[in-house]
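Some notes on the structure that comes next.
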Amino acid sequence: AIALEAQGIIGGYLVNTNGPVVEFRGYNNVNRAEAAKFLVNSLGLDESQFCDYSVAPDVEEGKWYTKYVCTANKYDIMVGGDDGFFRPGDWVNTAEFAKMIFKAHSLTDYPGYTAQSGDIWYRRYGLAAQHHNIFPSQDGRFEPSHFLSRVEVAVAIYTVLDLQ
């Protein structure tokens with residue numbers, strides 16, 4: 001988290017207790033708006049040059065996350081659901097974030113992966129995530145429905161950046 005903060009990828013929460021203090025709050029769950037910000041920042045994109053408008057009915061213009069969501073959408077890193085809603089406040093699970101980070105950083109699938117009839121949509125990302133050990137807190141497993149904390153997302157981004 002410290003290395004990613006130094007690169008401007010992940011920050012903390014400003015807390016005013018006897019002066020300004022920043023807390024990382026690593027065990028808080030990550031929502032979709034935060035995931036968009038972290039991934040856009042991990043790519044070094046200056047989101048302000050792309051957009052500051054809504055890409056979904058539930059993404060309001062001028063919110064802190066609008067430009068990140070718009071940029072993530074523009075680069076096909078994250079899109080809304082089939083109903084057109086982005087759901088910026090929804091927590092991100094392992095399967096969703098694996099797909100997002102692999103798309104963002106154009107990582108290859110698990111070596112030797114071949115799609116099979118009936119595969120669940122996240123299988124390729126799960127195998128690749130296990131292969132690269134981007135979620136070490138899951139002890140070699142891939143827990144698709146597990147909601148990710150800020151620590152887990154920071155470790156995943158750090159690991160992926162180290163692969164490149």
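The values are calculated or read from the model by the stated rules, or taken from the named source; none is laboratory data. Source: prediction; values computed, not measured. Neighbour counts run over all protein chains shown; Cβ positions are idealised from the backbone, glycine included. Accessible surface is based on the protein model in full, side chains and every heavy atom, while ligands, DNA and RNA are left aside. Shrake-Rupley method; radii C 1.70, N 1.55, O 1.52, S 1.80 Å.
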Single residue of 35, 56 found to be open to solvent by less than 30 Å² (accessible area, probe 1.4 Å), among the small types (Gly, Ala, Ser) and at pLDDT below 90: 56
Candidate set: segment 124-160, residues that are open to solvent by 50 Å² or more (accessible area, probe 1.4 Å) and among the polar types (S, T, N, Q); chosen: the one farthest from residue 1 (Cα to Cα): 145
Any hit, segment 107-117, residues being farther than 21 Å from residue 7 by Cα, in a helix (DSSP H, G or I) and out of contact with any strand residue (DSSP E or B) (no Cβ under 8 Å at 6 or more places or on another chain): no
Conditions (1) without any contact (Cβ under 8 Å) to a residue 40 or more places away in the chain; (2) within 26 Å of residue 119 (Cβ to Cβ); (3) basic (Lys, Arg); number of the one not met by residue 74: (2)
Filtered residues of segment 118-138 (kept if among the aromatic types (Phe, Trp, Tyr) and assigned to a loop (DSSP other than H, G, I, E, B)): 121, 122, 135
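Let's see how each residue does on (1) within 15 Å of the chain's Cα centre (by Cα); (2) not hydrophobic (A, V, I, L, M, F, W, C):
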site	(1), (2)
78	yes, no
82	no, yes
102	yes, no
106	yes, yes
Verdict on residue 47 being open to solvent by less than 30 Å² (accessible area, probe 1.4 Å), modelled with pLDDT under 75 and charged (D, E, K, R): yes
When residues of segment 5-32 are limited to those that are modelled with pLDDT under 80 and in a helix (DSSP H, G or I), the one surrounded by the most Cβ atoms within 10 Å (Cβ to Cβ): 5
Residue match in segment 96-103 (condition: farther than 26 Å from residue 5 by Cα, touching a Phe, Trp or Tyr at 6+ places or on another chain (Cβ under 7 Å) and modelled with pLDDT of 90 or more): no
Some residue of segment 97-104 being assigned to a loop (DSSP other than H, G, I, E, B) and surrounded by 12 or more Cβ atoms within 10 Å (Cβ to Cβ): no
Near pairs, Cβ below 7 angstrom, 6+ apart or cross-chain, from segment 150-161 (farther than 17 Å from residue 95 by Cβ) to any residue that is of a type in the set (A, V, I, L, M, F, W, C) and assigned to a helix (DSSP H, G or I): 154/4; 158/3; 158/4
